[in-house]
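Trainee: Below you'll find the structure I mean.
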Amino acid sequence: MLVVTRKLDEGIIISDNIEITVLEIGRERVKIGVAAPKDISIIRKELMDTLNANVEASKLIPKSALEAFLKINRF
């Protein structure tokens with residue numbers, strides 16, 4: 001992991017096409033801006049962690065139970 005110290009309005013560049021800039025520094029939070037091409041997906045880490053946990057949990061459900069659930073709820 002690369003650790004850098006940045007001040008307000010300073011930033012870093014990743015792979016020539018992603019720029020991360022410090023926009024605001026508060027008491028307990030830092031607001032950052034990310035400028036990247038539209039074809040690059042940007043998602044908060046906690047949302048990705050939740051998504052991955054949901055995917056893993058769904059793999060534990062037996063297929064027959066899922067089919068029964070979908071049949072009952074008619075999604």
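The values are calculated or read from the model by the stated rules, or taken from the named source; none is laboratory data. Note that the structure is predicted; figures quoted are calculated from it, not measured. The protein model used for the area step is the full one, side chains on, heavy atoms only, and it has no ligands, DNA or RNA in it. Shrake-Rupley method; radii C 1.70, N 1.55, O 1.52, S 1.80 Å.
Trainee: Express in Å², to the nearest 10, the accessible area of Asp39 obtained by rolling a 1.4 Å probe over the protein heavy atoms while all chains stay in place.
Mentor: 140 Å²
Trainee: A further question on this structure: If each DSSP helix of 4+ residues adds -39,500 (n - 2.57) and the sum is divided by the residues in the chain, what number results at 222 nm, nearest 500 deg cm²/dmol?
Mentor: -10500 deg cm²/dmol
Trainee: Could you work out the pair-distance distribution P(r) of the chain from its alpha-carbon pairs, with 10 angstrom bin width and percents rounded to whole numbers?
Mentor: Taking all Cα pairs of the chain, the binned fractions are 14, 29, 24, 14, 16, 4 percent.
Trainee: Which lysines have a Cα less than 21 Å from the Cα of Lys71, not counting those fewer than 8 places away in the same chain?
Mentor: Filter leaves Lys59, Lys63.
Trainee: Can you give me the % of accessible surface on the chain that is carbon or sulfur? Probe 1.4 Å, all protein chains present, nothing else counted.
Mentor: With neighbouring chains kept in place, the figure for the chain is 58 percent.
Trainee: Would you mind getting the accessible area per residue of the stretch 6-58, heavy atoms of the protein chains only, 1.4 Å probe, in Å²?
Mentor: 89 Å²
Trainee: Mind checking which lysines have their Cα closer than 27 Å to the Cα of Lys31? Skip sequence neighbours fewer than 8 apart in that chain.
Mentor: By straight Cα distance, Lys31 reaches Lys7, Lys45.
Trainee: Something else about it: In percent, what relative contact order does the chain have, based on Cα pairs under 8 Å that are 6 or more apart in sequence?
Mentor: Relative contact order here is 16 percent.
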